[in-house]
Structure formats: C-alpha cells, structure tokens
Amino acid sequence: MGTSAAETVTEIQDTRDRLESGIRELENRLPKPAVWSKRLIGVAVGGGLSGTMFWFGVRRIKTRRAEKKKPQTQAVVQLLPEGVGERVSEAFANGEVRTWAVGIGAAWLVLRIAELRQLRRMNRALLASR
C-alpha cells in the first residue's frame, strides 16, 4: 500500500476497476440464453420463496385472530365421583360428619395394619433366606 491516504484510495479504485472489468468480460463470454435463464431461475426461486413466506404470514395472522375471537373456556376437572360432594355437604348439614370421620379413620387404620403385616412377612422372609 502507498504511504499517503490519496495513494491508498487510488490503489483501491484501480483494484476495483480491474475486478469490474474482469466480471464484465466473464459476463460477455456467457451466451445470452444462459444469462436470461439465470435471471429467470432467480426470479422463479425468489418469487417462490417470497410467496411461501407471504402465505405463512397470512396463515399466522388468521390463527392469531381466530384465537383472539374464540372465547376462553376453562376446563372443569371433577375429582370426586358424582354425588359424593352432595352427600358430604348433607353430612355437614345434618351433623353426620363424625360418622364420616370415624369411617375414614377406620379405613385408614385397616390399610395401615395390612401394610405393617406385609412388611413383617417380607422381613421374616428376608431373614430366613440368609
């Protein structure tokens, strides 16, 4: 590169001119139908891509509008079988809650005793196998 800024700019312009003249020479050597077919292929590919992107955008806008117009519904999840809630409410109203509590406690106690019996059997079996 040159020592001054003016010489550097001049060298850059000369290099650019040489590259442009080389490109023009290559373009002149191409047959004319090849140039037109290259342009036609470029237009077809560009048009296809832009058309595809356009329709994706239209589809996305339509779905967003449809989601905004659609009323928001909330799912109702029923955890208890039908009638259980009503029977519990009646039990609270009639004072039968104590009976329900004793029944639930008894069921828990039966399951807990069954679990302990099973654990004892497993421990005995493990100790016997040693």
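The values are calculated or read from the model by the stated rules, or taken from the named source; none is laboratory data. On a predicted model such as this, the values are computed, not experimentally measured, just so you know. Because the Cβ atoms are built from the backbone with ideal geometry, glycine has one as well, and the counts that use them run over all protein chains shown. Surface areas here come from the heavy atoms of the whole protein model, side chains and all, with no ligands, DNA or RNA. Shrake-Rupley method; radii C 1.70, N 1.55, O 1.52, S 1.80 Å.
Quick notes on this one:
- Boolean, Glu96 is exposed (fewer than 10 other Cβ atoms within 10 Å of the Cβ) and either at pLDDT below 85 or within 30 Å of Glu27 (Cβ to Cβ) (or both): no
- Residue that is modelled with the lowest pLDDT, among those in region 59-80 that are over 28 Å from the mean Cα position of the chain (by Cα) and open to solvent by 100 Å² or more (accessible area, probe 1.4 Å): Gln78
- Only a single item in (1) exposed (fewer than 10 other Cβ atoms within 10 Å of the Cβ); (2) on the phi < 0 side of the Ramachandran plot is not met by Gly83, and it is number (2).
- Scan of region 1-13 for residues that are loosely packed, with under 10 Cβ neighbours inside 10 Å and assigned to a helix (DSSP H, G or I), ordered by number: Ala5, Ala6
- Residue within region 16-25 that is within 48 Å of the chain's Cα centre (by Cα) and assigned to a helix (DSSP H, G or I) present: yes
- Remark: pairs (first residue in region 10-30, on the phi > 0 side of the Ramachandran plot; second residue open to solvent by 80 Å² or more (accessible area, probe 1.4 Å) and of a type in the set (A, V, I, L, M, F, W, C); Cβ separation under 8 Å; 6+ apart in sequence or on different chains) are absent.
- For Leu26, the requirement of being of a type in the set (A, V, I, L, M) and open to solvent by 100 Å² or more (accessible area, probe 1.4 Å) is met.
- Matching entry among Val88, Val110, Val58 (being in contact (Cβ under 8 Å) with a residue 12 or more places away in the chain and assigned to a helix (DSSP H, G or I)): Val88
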